[in-house]
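The values are calculated or read from the model by the stated rules, or taken from the named source; none is laboratory data. Just so you know, these numbers come straight off a predicted model, no measurement behind them. Glycine also receives a Cβ, built like all others from the backbone with ideal geometry; neighbour counts cover every protein chain displayed.
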Amino acid sequence: MSEPIPALSVRQPWAELIISGQKTIELRTWATDHRGQLWLHAGKRQDPQLEARFGLSTAFRGGFIGVVELSAIVPMDSRRWSSWQGRHRDAGPYQPGMFGWILKNPRRLKTPIPAPGALGLFVPSPQLQSQLQLALDSD
């Protein structure tokens, strides 16, 4: 059996922007040694103003929406922040201590799979891993 794929929970509308390929950098205050596939989980919390800004107020929440590849993590500085703003879609000011998670090859599940998320990187249960892999392979 292959190694389980870890998951990352991301609030909407960011999760939808990632899975649709419009957001290729996710900002985090922490880094990880993991590189490779990540299950993308759309968190349950709503941010109506932000969702309306991107026209994504009906985006799925509360489960897995696909898989994405984490290719690198780089510390953000003010220069990177400015030049990469279009890739991370955050219009806010530069904040020290952030890391840019470089994401590529998003693949959306045909049907989202409702499930709880968690903070940090987390590994879905073996049963959920199988369900996610089956859903991904059937696309």
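Annotations
- Residue match in region 75-94 (condition: of a type in the set (Lys, Arg), more than 20 Å from Leu8 (Cα to Cα) and modelled with pLDDT of 90 or more): yes
- Residue that is surrounded by the fewest Cβ atoms within 10 Å (Cβ to Cβ), among those in region 85-139 that are of a type in the set (Lys, Arg) and more than 21 Å from Pro75 (Cβ to Cβ): Lys110
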